[in-house]
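*Asks:* This is the structure I have questions about; it appears just below.
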There are 2 protein chains.
Amino acid sequence: MTTDNAAAPRRRGAVRTEELLRVTFELAAEVRYSDLTIAAVARRAGVGKHTIYRRWSTKSELLLDALHRALGPALDYRDTGDVRADLREQFIRSSAALLSPAIWPVYRAVIIAAQDDDALRERLYRQFLAVIEQHTLDRLTSAQRAGELVADADLGYPAEVLCGALYYRGLLSTRPIDEAAIDGLLDMFMAAYAASP
Amino acid sequence: MTTDNAAAPRRRGAVRTEELLRVTFELAAEVRYSDLTIAAVARRAGVGKHTIYRRWSTKSELLLDALHRALGPALDYRDTGDVRADLREQFIRSSAALLSPAIWPVYRAVIIAAQDDDALRERLYRQFLAVIEQHTLDRLTSAQRAGELVADADLGYPAEVLCGALYYRGLLSTRPIDEAAIDGLLDMFMAAYAASP
DNA sequence: TGTCAACGGCACTGGTGGTGCCGATAGCAT
DNA sequence: ATGCTATCGGCACCACCAGTGCCGTTGACA
């Protein structure tokens, strides 16, 4: 009996970290939130629990880190001079990214975990939601300066409302987030704030 | 002898049931979601776990039942002929009810639990969210008939958006749901849909 | 080649959801 | 008033989890 064998060599450091994040996404996409456990991630990765706790002190930390690495680029806004078209393109693109089967399970897990943890909720808002709101607001302000939107409107609420409606569908409603929904949102927004010709 | 009331014979069960629901609200208001356990409810009520499982097959059932009993009345709409004032009054009143320290912890717990359970999510939407949306839509349609709102608008999205914005703040944003927020929402809505004089 | 931190495995504590079994008791019919 | 029976509380039990400690192994770098 030979000492086997073809078993994968034990990986360390950064390589393990990447693999653990990958496994986290994989598992989050397959199981329910209550089964998305540190122990389960460790089992699937063929790793001791210590190897996870050494990197992230809580499950929330792991999830937030995973999300952060996956989301970076999807949140940029174009400015072509047509604010409705830009918003439409941006909402379709970012909702597709956030709600993709790869990312949404982790995103939702963070949202759930944040309901128990004020510090995490603060980080979630600051690192993701506030960023999206601010980018939206920036684009709206630019449109306002360009005369596309009425000059005296407070655009803070609309930026929040546009985002909020999408999360409402994702978390609570049973209706899908599709282009029709986004067009419906934008119809309401433009009816309220488009500058009269 | 009248047709005997096989429906609600006041057994010791009913008294216990009321007490268990009361304890559930009490505990939900005090501890984090992850500590809102069947065992904890049983302990505080001085009851065996069986006494709970005999009534509700899962924690979700218990929470949904508790919520259902507590929320009934808060969801009615007035119709005074001034749609903005009616919506304002209704949103302030219903958000105060939903977000009260007594109810919101249980409501939020149901929302969290629903993320793991499609059937519960369907019931949550049908029994609460869809009811609120529909009442809002009914009031909007009435206003449309009365000539307060533009005649050709599709009011389905606005009804959803108005609700969605509040849940966004309650679950995700770190900003409060106050009268200023509700006025901001209504400003946007009225700017989009108020009939021109 | 040697060193040492990172690693995987195992065990342990204290908690959970959920079930089974027990003897006690409350409430109803008689 | 008495007895019958479902409900009750208590306890033990299973499988699983978060989180920590210990130990022998191993891989990467000096």
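*Asks:* Looking at the range B:135-150, can you tell me whether even one residue there is open to solvent by less than 20 Å² (accessible area, probe 1.4 Å), assigned to a helix (DSSP H, G or I), under 30 Å from A:ASP117 (Cα atoms) and not assigned by TED's automatic domain parsing to the domain that holds B:LEU20? Break it down stepwise before answering.
*Replies:* First, pick out the residues of the range B:135-150 that are open to solvent by less than 20 Å² (accessible area, probe 1.4 Å): B:136, B:139-140, B:143, B:149.
This time we only want the ones that are assigned to a helix (DSSP H, G or I), so: B:136, B:139-140, B:143.
Those left that are additionally under 30 Å from A:ASP117 (Cα atoms): none.
Within the range B:135-150, none of the residues are open to solvent by less than 20 Å² (accessible area, probe 1.4 Å), assigned to a helix (DSSP H, G or I), under 30 Å from A:ASP117 (Cα atoms) and not assigned by TED's automatic domain parsing to the domain that holds B:LEU20.
*Asks:* Within the range A:95-131, which residues are closer than 15 Å to A:LEU71 by Cβ and either surrounded by 21 or more Cβ atoms within 10 Å (Cβ to Cβ) or basic (Lys, Arg) (or both)?
*Replies:* Result: A:SER95, A:LEU98, A:PRO105, A:VAL106, A:TYR107, A:ARG108, A:ALA109, A:VAL110, A:ILE111, A:ARG123, A:LEU124, A:ARG126.
*Asks:* For the range A:61-78, indicate whether the set of residues that are surrounded by fewer than 17 Cβ atoms within 10 Å (Cβ to Cβ) and within 12 Å of DNA strand D (Cβ to nearest atom) is non-empty.
*Replies:* Among the residues of the range A:61-78, at least one is surrounded by fewer than 17 Cβ atoms within 10 Å (Cβ to Cβ) and within 12 Å of DNA strand D (Cβ to nearest atom), which makes the answer yes.
*Asks:* Output the residue which, of all residues in the range B:151-166 that are open to solvent by 20 Å² or more (accessible area, probe 1.4 Å) and part of a helix (DSSP H, G or I), is nearest to the other protein chains (Cβ to nearest Cβ).
*Replies:* B:TYR157
*Asks:* Please verify whether the range B:124-134 includes one or more residues that are more than 15 Å from DNA strand C (Cβ to nearest atom) and in contact with a Ser or Thr (Cβ under 6 Å, 6 or more places away or on another chain). Before you say what the answer is, go through the steps one by one.
*Replies:* Looking only at the range B:124-134, we keep the residues that are more than 15 Å from DNA strand C (Cβ to nearest atom), and these are B:124-134.
Still in the list and also in contact with a Ser or Thr (Cβ under 6 Å, 6 or more places away or on another chain): B:125.
Checked against the condition, which is being more than 15 Å from DNA strand C (Cβ to nearest atom) and in contact with a Ser or Thr (Cβ under 6 Å, 6 or more places away or on another chain), the range B:124-134 yields at least one hit.
The values are calculated or read from the model by the stated rules, or taken from the named source; none is laboratory data. In this text, all values refer to a predicted model and were calculated from it rather than measured experimentally. Note: ideal-geometry Cβ built from the backbone for every residue, glycine included; neighbour counts use all protein chains shown. For accessibility, only protein heavy atoms count, side chains too; no ligands or nucleic acids. Shrake-Rupley method; radii C 1.70, N 1.55, O 1.52, S 1.80 Å.
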